């Protein structure tokens, strides 16, 4: 599957990326924000079925599939053999699946969340207080109130610094229109899709898809990650932090070398604990936010 670079990808990095301090939790200035009452010092415990998946370890490779199959797989009714767990595909890509039941939550709330939280790090920290340090946007579209929630994030870039499995990851989440991945619209359902890249280099390291579909109690999120499915992107130097690495990798020669080496090297460089770390991170943040998302949405759905 190929990623198409957007205008937000080519925009300069947020000014805050270089200057904003990184730390976990809230400090005095953040505690005066209107939504600070929703901040909790730690995430809620992960759901029991996630614990079983983590204890069970790696699933058979036959349970997995690549990103090119995700549209068909998620369109099927019912559930897959691998709804929560991870495996490594024959080519080395790590596939991760996480199932998160969410009582009283709707798909519309998640579209709103992805269009709302990216403009302030303090909002991002509500989601996973144990892991989230920073966020900034390629394009801050919050001032344009004619946009839908989806139009605020689809085709946009969210620069994030967060811990995954104890490692600080500096990432750029490049949101994709689901239809470009072959995912058809469905009633009361949303799909949040993105190319996951490094924020400091024009290197994509994976894909993510979150399907939020209705249930009798509210909704459920079915998350899929394909880590190690890598490529280089044609980004301009202004879309990366300044430095020799950015200059090299955005030059014609650097792009040629990276295009040949990155797809082969990335699967081999995925740490052995990638699958379990990603399961825990996703399960923790999704379950945590779902616990207060209906109340947060009711209070702030119409605010920039």
Practice item. Take the residues in the stretch 205-225 that are under 18 Å from the mean Cα position of the chain (by Cα) and either over 29 Å from residue 91 (Cα atoms) or at pLDDT below 95 (or both), then tell me which one is surrounded by the most Cβ atoms within 10 Å (Cβ to Cβ). Key: 220
Check your understanding: Scanning the stretch 145-163 for residues that are surrounded by fewer than 18 Cβ atoms within 10 Å (Cβ to Cβ) and at pLDDT 95 or above, which turns out nearest to residue 36 (Cα to Cα)?
Key -> 163
Point to revise | Residue under evaluation residue 235, criteria (1) over 30 Å from residue 47 (Cβ atoms); (2) free of Cβ contacts under 8 Å to residues at least 40 places away in the same chain, criterion not met | key: (2)
**Study point:** Residue selected from the stretch 182-203 under the condition in contact (Cβ under 8 Å) with a residue 40 or more places away in the chain and part of a strand (DSSP E or B), by the criterion surrounded by the fewest Cβ atoms within 10 Å (Cβ to Cβ)
**Key:** 203
**Study point:** Residue that is surrounded by the fewest Cβ atoms within 10 Å (Cβ to Cβ), among those in the stretch 64-89 that are touching a helix residue (DSSP H, G or I) at 6+ places or on another chain (Cβ under 9 Å), free of Cβ contacts under 8 Å to residues at least 60 places away in the same chain and closer than 20 Å to residue 54 by Cβ
**Key:** 81
Exercise for review: State the number of residues belonging to the stretch 19-30 that are free of Cβ contacts under 8 Å to residues at least 12 places away in the same chain and either under 17 Å from residue 130 (Cα atoms) or assigned to a loop (DSSP other than H, G, I, E, B) (or both).
Suggested key: 4
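The values are calculated or read from the model by the stated rules, or taken from the named source; none is laboratory data. As the structure is a computational prediction, the values presented were derived from the model and not from experiment. Ideal geometry is used to build each Cβ from the backbone, glycine not excepted, and the neighbour counts take in all protein chains shown.
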